[in-house]
Amino acid sequence: MGPIPISLERRVVPLQTSVLTRSIIEAPSIVDVLAQRAATEVGVALRFLADGEDDVQDWTFQDLLAAAEGIAGALRADGHAGQRVVLALEPGPSFITGLFGILRAGCVAVPSFPPIGPRAADRLRAVVVDSRPGAVLVPERIRDRVDRLIQEVDPDVRTVAYGLEGNPAPGPLPAPGAGDLAMIQYTSGSTSHPRGVALSHANVMSNCRTLLDRMGVEADRIGCSWLPPYHDMGLLGTIILSMYGAWPFINLTPAHFVQRPLRWLKAVSDHGATVTVAPSSALDICVEAVTDEELEQLDLSRLREVYCGAEPIHASTVERFTRRFAACGLNGIAVTPCYGLAEATLHVSAKPGHTAPRALRLDRRQLELGIATACRPTATPDAAAHVVSCGVPAACHNVVVVDVETRLPVPEGVIGEIWVAGPNVALGYFDAASNVAASNVVGGEPFGARLRGDAKEYLRTGDLGFVKDEELFVTGRRKDVVVVVGRNLYPYDVERAAMSACVDLRKAVAFGVSGERDPERLVVVGELRCRTSPGADLLGHIRRAVTAAVNTATGVAPADVHLGPIGTIPTTTSGKVRRLETRHGYINRSLRAFPSAAQNALIAEGNR
């Protein structure tokens, strides 16, 4: 099959003429929503900044629907109707039209990274092996290379190229049912063993409804995002939600943000965005990267909501971001901490709108023992932990905090595992062998968990937290907690302490390491802002400073502080550190590293 042909004249349309009704649509699928929007709405649906700045490409709902129907017709004509189709296109209009085209054809969409670079190629191989698709949709320019890669793992899979020529008739198209499988959303963990979360059309629509219920309907809403569209936050929380809510969506790519973080806030400013989404790490990056001179270019007075998630959110991150950009007109209540995960489609809880972010000042030692207890007013800063509220649960959903040993809910203010029930919860992890989602708990799998004496099924999130005044507070991941002499150390607290010790640290990751008979030891991996070794004396000073800061903050000194150059700590496309992968690299001695003091001495001796 040749390139999927599309022929549409791009033009720039004023955003303010983009929406007439913005009524909430009740439909079985997001594909039906797009068709209804195309029939009723005028103006811009998608504004893509092709260079991250000035190269503007506008798409209306009619444009998106026409392109999606062209792709759907081509897929069906080539015999892929009803199959799983891996969507391995680059961020932007091609990805969005490819997604809706796959769904419009009655296929199951499997979003994935385009195979550009060794890590992404390995990821695509793993996704193809796990999902067993009928086809992989890729950019035309890399089709031959991807075809060779795919043939190595599954010769029955067709490699389909996306092009921009002509427009075939779509032919008769099926209407997907609410309970039908819509997409398989792979989590952003290990590349070797990806887990595909099976989402129905009903899951996708429920996620849209609960998010819009929290956000409310606003006639002048304009969205903006640079997040990668291959995962829950960038796909379900921005692209699909904007189509459901019918507000213009300003889109730039993750590479645009990474290359120059200012581009994100400049896009918000230039195009009058009122809502945007980012991981908390992006807020820290902008505080550090945007200069005083660049602040003068920004007008953030229209920005009402900055949805922030992807990892536990630190009160200092929220405070620094709002203080830094207050001069640009940013409202202090705009930052909206939220909590979600792919296994719940996306949305679980979020701060109510038009309220200030809430953080509790808790006794750190009690928190390590699993109890959220307010600090005494006279407590020192080192004795306090500030935990940010992720708001109230989504409508029609039940969130409980559970003692995993007794399988009973814990009292308010006691830390346990967060369990979720409701229509956002996915069907399960996809099992290609049986072509169904594995929804039951098998060997600790998270779907279908039950409280003791209760038949209701929950999703075990693997996250730890507590409830206070009906709001959810997330403290970390169960698998990430480091247990030292009976105390629970949260890696985020250790990492913040390490970062505060030295301005030369660019990133820090903390985890536990133990042998078969050894107790767990705390390890900190630090990535410095340089590519060559700063010398033994400075490395020794940094190690001592990090050790002292962590010991002061937690009462535990790291057994090792591993220091390396830029690129030492692996991250996701949105900038989130891969803690488990870093730990594996440390244990396997594959992490990049600057020489230790002893190694430096040997090197110096050898150079004499």
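Please pick out the residue among VAL318, VAL287 that is closer than 24 Å to ARG578 by Cα and out of contact with any Lys or Arg (no Cβ under 8 Å at 6 or more places or on another chain). It would help to see each step written out before you state the result.
Numbers: VAL287 fails: out of contact with any Lys or Arg (no Cβ under 8 Å at 6 or more places or on another chain).
The match here is VAL318.
Kindly indicate the residue of the stretch 328-344 that is over 30 Å from ARG195 (Cβ atoms) and of a type in the set (Gly, Ala, Ser) and also farthest from the chain's Cα centre (by Cα) among those meeting that condition.
Top of the filtered list is GLY329.
Based on this model, can you work out whether ASP284 counts as charged (D, E, K, R), modelled with pLDDT under 95 and surrounded by fewer than 22 Cβ atoms within 10 Å (Cβ to Cβ)?
So ASP284 fits the description; yes.
ALA273 - would you say it is of a type outside the set (D, E, K, R), farther than 30 Å from VAL138 by Cα and touching a strand residue (DSSP E or B) at 6+ places or on another chain (Cβ under 7 Å)?
Working: of a type outside the set (D, E, K, R): yes; farther than 30 Å from VAL138 by Cα: yes; touching a strand residue (DSSP E or B) at 6+ places or on another chain (Cβ under 7 Å): yes.
Taking the combined requirement at face value, the residue satisfies it.
If you take the residues of the stretch 419-459 that are modelled with pLDDT of 95 or more and not in a loop (DSSP other than H, G, I, E, B), which of them is surrounded by the fewest Cβ atoms within 10 Å (Cβ to Cβ)?
ALA421
Among the residues of the stretch 492-549, what is the count of those that are over 26 Å from ALA310 (Cα atoms) and not basic (Lys, Arg)? Break it down into steps so the answer makes sense when it comes.
Here is the first cut: in the stretch 492-549, the ones over 26 Å from ALA310 (Cα atoms) are 514-521, 530-545, 547-548.
From what's left, not basic (Lys, Arg): 514-516, 518-520, 530, 532-542, 545, 547-548.
Of the residues in that region, 21 qualify.
For the stretch 201-220, how many residues are small (Gly, Ala, Ser) and either part of a loop (DSSP other than H, G, I, E, B) or free of Cβ contacts under 8 Å to residues at least 60 places away in the same chain (or both)?
Selection size over the stretch 201-220: 2.
In the stretch 507-523, which residues are farther than 14 Å from VAL484 by Cα and surrounded by 15 or more Cβ atoms within 10 Å (Cβ to Cβ)?
Within the stretch 507-523, LYS507, ALA508, VAL509 meet the criteria.
Return a yes/no flag: does the stretch 289-308 have any residue that is over 20 Å from THR572 (Cβ atoms), surrounded by fewer than 20 Cβ atoms within 10 Å (Cβ to Cβ) and hydrophobic (A, V, I, L, M, F, W, C).
yes
Name the helices (runs of 4 or more DSSP H) wholly inside the stretch 49-141 in which the number of residues that are under 22 Å from the mean Cα position of the chain (by Cα) and farther than 26 Å from ALA267 by Cα is 2 or more.
118-131
Quick check on ALA175: is it crowded, with 21+ Cβ neighbours inside 10 Å, closer than 15 Å to LEU103 by Cβ and either modelled with pLDDT of 90 or more or of a type outside the set (S, T, N, Q) (or both)?
no
What's the total number of residues in the stretch 74-91 that are farther than 18 Å from VAL157 by Cα and modelled with pLDDT of 95 or more?
Within the stretch 74-91, the first condition is being farther than 18 Å from VAL157 by Cα, and the residues that meet it are 90-91.
Filter again for modelled with pLDDT of 95 or more, leaving none.
Here the count works out to 0.
Go through the stretch 316-362 and report how many residues are surrounded by fewer than 20 Cβ atoms within 10 Å (Cβ to Cβ) and aliphatic (A, V, I, L, M).
Of the residues in the stretch 316-362, 5 are surrounded by fewer than 20 Cβ atoms within 10 Å (Cβ to Cβ) and aliphatic (A, V, I, L, M).
Provide a single number: the residues in the stretch 525-583 that are within 30 Å of PRO91 (Cα to Cα), part of a helix (DSSP H, G or I) and polar (S, T, N, Q).
So the count comes out to 1.
The values are calculated or read from the model by the stated rules, or taken from the named source; none is laboratory data. Given the structure is predicted, the values throughout are model-derived calculations rather than measurements. Cβ: placed from backbone, ideal geometry, glycine included. Neighbour counts: every protein chain shown.
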